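Q: One structure coming up, written as structure tokens, with questions to follow.
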Amino acid sequence: MKSLKNFLKPSVILLILIVLMLFIKKSSAQNFVKVTDQNNPVVTDPLAGNYIGTSWVDIDNDRLLDLFVNRKVIYKNLGNGNFMKLETAMSNQNANLGNSWSDYNNDGLPDCFVTSTGGAFSFLFKNEGNGVMNKVLTGDIGDSAYNTGWGCAWADYNNDGYTDLIIAAANGFGNVFHPNRFYKNNGDGSFTRMNIAGLTDTLAPFTIPTWSDYDQDGDMDLFIGSGPGGSTSTDFLYKNMLTETGTADLVRLQTPPMATDQLDGQVWNWIDYDNDGDLDGFITNYTNNVPNNLYRNNNGVYERMTAAQVGSIVSDPGLYLANVWGDFDNDGDLDCFVTRDGGQQSRYYNNNGDGTFTRIDTLQVVTMSGGNFGATAGDYDNNGTLDLYVAGSTGSKGLFRNDLNNGNKWVNIKCIGSGPSNNLSNAAAIGTKVKAKATINGNPVWQMREISSENSFNSMNMLNVHMGFGNADVIDSLVIIWPRGLREVYTNVSLNEFYDATEGQGIVSGITQESQSVPEGFMLQQNYPNPFNPETVIRFTIPVERISNSFYKLSVTDLLGREIKTLFTQKFSPGTYSYSFNGSTLSSGIYFYTLSSPEFSRTRKMILVK
């Protein structure tokens, strides 16, 4: 008998090695596990209706991502995988579809606009804190019947430090028989309805609007899918001329092939999938005979990619809606999750790191019964991996926890704009670009993310920036480019960390995984009022099981992590307590208060405005 060594020819050995490498790459991908806890209202609440959106957003700044699902209330994240339904926040929405979050008044709290095609149900909800979201009923933006639409999105299109709003009007869908609506933020809580040629004077089945500085010239451009729903047309792509002319004007692009291709466009995303430093375009199509399109940016020249170049991500047929991009396996490149309508199962494409994608069909998130709409990515359990919530029918919806265990490094950054009063950017930091360089597998790799208020179907991913770094030891260079032009560079940034980056004030370490391990029943509530001047009340709950000799410390720190004051260090019996804090000796600004014991800690942000 011939030996195995003689039997295997060099070419056969090479083929086996390639197959093994591909298997290892696939097997190292994340393991999305559907959450089935019947005590979790996210799991048990029914969800009816079509084309529903969803978003991860931290509504109360407690560093835990809360979940918003259209036609339902907000689910507040309590930590440890538990959620509580806020019965009164944004309830009774009726037939809402799209949602987009931004801090439109720069008060430190994210606000939300929701759209509807079914009647007078499109509203701006102002975040008042403590889980209270009030409808804005005054001015043009309060005219709900006038503002019917499909999708919506916030961005600071004129770089004045306030985010503006586009409502995409899917003409002929539901009760929508009008052009798009565009609202300029006046900075005083009011809005001015703007007329923009080719955007607000055109009747078309506009679908999802997405803002992106796709050409990186310092202003936000606008991309809206054509969305005929079964037929094709050219999408609606607009370049912002602010940098070129000094006036914010949106001019429709005619650039081939992306602006001239016949599409049934749904959602545009601009992402650097090949890590070459520029933004590439991806669009989902809702027609079985028109697959999704990926446009690679070659130094400003766009090339429509083929399956031979990138894989079946651009050739698989389907009724596609959402496309969600994130480094789900933390290896240093962007992967893609897409949803499909019509009973079709969702798809997941793993980035191979060489400009190609491999479709993975074994993940639970794509083996569930099909018919999904919006989807959102965010690290809701603060373990350094991106989780998914997928909206659909009651049978097809789901919260999928990413239980990645490949040891890859990561970083999570919350960017905070310092506001127009300082001649700086919007507080939600929408439009901020974050670039990072690290050595992965022995090679220097640059990555880029752009913070967006709408990057999924009628949905939004978390505003925090998440990046994976594989086996890197440190981030060599971290560059933050704020919307109004400030560029900040940090070096030797540690990995596996949460950071707060405040425009013009530096970057500080935020929460850690360990600090999230808190006993059941413990709660540190958001101070009220917030913002405050000069007094505010801090409430907290000590659970029954914590009857011990532990001392609890309540302290206040500044943005640089320096302790300003210790409010108390003492023991507590089980119960709920209130502490009045007076900030009269402090300057206006952002502060953090932390309640800690030897076993755990929890931190929240408060804003002092004098």
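Q: For the range 321-465, what is the Kirkwood estimate of the hydrodynamic radius, computed as the reciprocal of the mean inverse distance between distinct Cα atoms, to one decimal in Å?
A: 16.4
Q: Still on this structure, please answer the following. Between S421 and N299, what is the label-to-label distance in nm when each label sits 7 Å out along the Cα-to-Cβ direction?
A: Inter-label distance under the simple model: 4.7 nm.
Q: Compare the Cα positions of V33, G139, W150 along the charge dipole of the chain (+1 at Cβ of Lys, Arg; -1 at Cβ of Asp, Glu; about the Cα centre) and return the one farthest towards the positive end.
A: Towards the positive end, the residue furthest out is V33.
Q: I'd like the Kirkwood hydrodynamic radius of the range 222-336, using the inverse of the mean 1/r over distinct C-alpha pairs, in Å.
A: Evaluated over the range 222-336, this radius sits at 14.9 Å.
Q: What FRET efficiency, computed as 1/(1 + (r/R0)^6) with R0 = 51 Å and r the Cβ-Cβ distance, is obtained for T367 and T234, rounded to the nearest 0.05?
A: Plugging the Cβ-Cβ distance into 1/(1 + (r/R0)^6) gives 0.90.
Q: Percent of accessible area on the chain owned by carbon and sulfur, 1.4 Å probe? Present the calculation step by step, with values, prior to reporting the outcome.
A: Working: 11530 of 22520 Å².
Carbon and sulfur: 51 percent of the exposed surface of the chain.
Q: When ligands, DNA and RNA are left out and all protein chains stay put, how many square angstrom of accessible area per residue does the chain have with a 1.4 Å probe?
A: I get 37 Å² per residue for this part.
Q: Still on this model: Work out how much length L567 to D249 would gain on full extension: take 0.36 nm times their residue separation and subtract the Cα-Cα distance, in nm to one decimal. Don't skip to the end; give the middle numbers.
A: Details: separation 318, 0.36 × 318 = 114.48 nm, distance 5.12 nm.
Extra length from L567 to D249 when fully extended: 109.4 nm.
Q: Further question: For every other residue with a beta carbon closer than 14 angstrom to the beta carbon of N50, add +1 if it is Lys or Arg and -1 if Asp or Glu, then tell me the sum.
A: +2
Q: Taking the Cβ-Cβ separation of D476 and D143 as r and a Förster radius of 41 Å, what is the calculated FRET efficiency to the nearest 0.05? Write down the numbers at each step before the final one.
A: Working: r = 51 Å, r/R0 = 1.25.
Approximately 0.20, to the nearest 0.05.
Q: Ok, one more. Multiply the residue separation of N406 and H178 by 0.36 nm, subtract the distance between their alpha-carbon atoms, and state the gained length in nm to one decimal.
A: Result for the pair: 77.0 nm of gain on full extension.
Q: Next question. For a Förster distance of 41 Å, can you work out the FRET efficiency between the beta-carbons of T192 and K610, rounded to the nearest 0.05?
A: Using R0 = 41 Å, I get an efficiency of 0.90.
Q: Taking each pair of different alpha-carbon atoms in the chain once, compute 1/r for the pair, average those values, and report the inverse of that mean as the Kirkwood hydrodynamic radius in Å to one decimal.
A: For the chain, the Kirkwood estimate is 24.8 Å.
Q: Continuing with this model, one more query. Roughly speaking, what is the stretch gain from A120 to D217, that is 0.36 nm per residue apart minus the C-alpha to C-alpha distance, in nm to one decimal?
A: 31.1 nm
Q: If packing is taken as the average number of other Cβ atoms within 10 Å across a peptide's residues, how do 190-197, 418-425, 449-456, 150-157 rank, most packed first? Each step should come with its number before you reach the end.
A: Working: 190-197: 15.4, 418-425: 18.1, 449-456: 26.8, 150-157: 29.1.
Per-residue Cβ counts within 10 Å, averaged per peptide and sorted highest first, yield 150-157, 449-456, 418-425, 190-197.
Q: For the range 51-169, taking Cα atoms only, what is the radius of gyration to one decimal and the Dmax to the nearest whole Å?
A: Cα only, the range 51-169: 13.8, 42 Å (Rg, Dmax).
The values are calculated or read from the model by the stated rules, or taken from the named source; none is laboratory data. Since the model is a prediction, treat every value here as computed from it, not as a measurement. Methodologically, a virtual Cβ is constructed for each residue, glycine included, from the backbone with ideal geometry; neighbour enumeration extends over all protein chains shown. Just so you know, the surface numbers come from the protein's heavy atoms only, side chains and all, with ligands and any DNA or RNA stripped out. Shrake-Rupley method; radii C 1.70, N 1.55, O 1.52, S 1.80 Å.
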